[in-house]
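S.K.: Quick one: structure below, then a few questions.
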Amino acid sequence: MYQYIFVETSLGGFFSSATHRETISEYAADGWRLLQVLPLEYNGHGKTTSYEIIFERLVQN
């Protein structure tokens with residue numbers, strides 16, 4: 001059986017930095033595996049501004 005976690009992250013913008021690389025590295029260090037990335041929000045020009053990163057890991061019985 002697998003356990004899942006959903007983490008929202010930003011690609012950054014004019015006043016902020018992207019955080020996706022740090023988020024993936026942080027969760028991977030805790031044993032989570034990247035499963036999928038889904039776009040959540042778009043700006044007025046159609047560019048994705050935030051994502052949901054889905055991680056999974058095997059549940060130890």
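Readers should treat all values here as calculations from the given coordinates under stated rules, not as data from a laboratory. Just so it is clear, the model here is predicted, and its values are computed rather than measured. Using ideal geometry, Cβ is built from the backbone for each residue, glycine included, and neighbour counts are taken over all protein chains shown.
S.K.: Once you mark the chymotrypsin sites (Phe, Trp or Tyr not before Pro) that are in a DSSP loop and have at most 14 other Cβ atoms within 10 Å, what is the longest gap between them in the chain?
M.R.: Numbers: sites that count: 14, 15.
With chymotrypsin sites (Phe, Trp or Tyr not before Pro) excluded where exposed in loops, the chain gives 16-61 as its longest stretch.
S.K.: To the nearest 10 degrees, how steep is helix 20-29 against the longest Cα principal axis of the chain, on a 0 to 90 scale?
M.R.: Approximately 10 degrees, to the nearest ten.
S.K.: Take the Cα coordinates of the chain, assign each an equal point scatterer, and use the Debye formula without solvent to give log10 I(q)/I(0) at q = 0.14, 0.28 Å⁻¹.
M.R.: Debye output, listed in q order: -0.44, -1.16.
S.K.: Could you work out [θ]222 nm for the chain from helices alone, using -39500 (n - 2.57) per DSSP H run of at least four and dividing by all its residues? Round to the nearest 500 deg cm²/dmol.
M.R.: Dividing the helical sum by the residues of the chain leaves -5000 deg cm²/dmol.
S.K.: Add +1 for every Lys or Arg and -1 for every Asp or Glu among the other residues with Cβ under 13 Å from the Cβ of residue 35, and state the total.
M.R.: Here the charged neighbours net out to 0.
S.K.: About the Cα centre of region 2-58, what is the dipole size in debye to 20, counting +1 per Lys and Arg Cβ and -1 per Asp and Glu Cβ, all else neutral?
M.R.: About 140 debye.
S.K.: Just rank 25, 10, fewest to most, by other beta-carbon atoms within 10 angstrom.
M.R.: 25, 10
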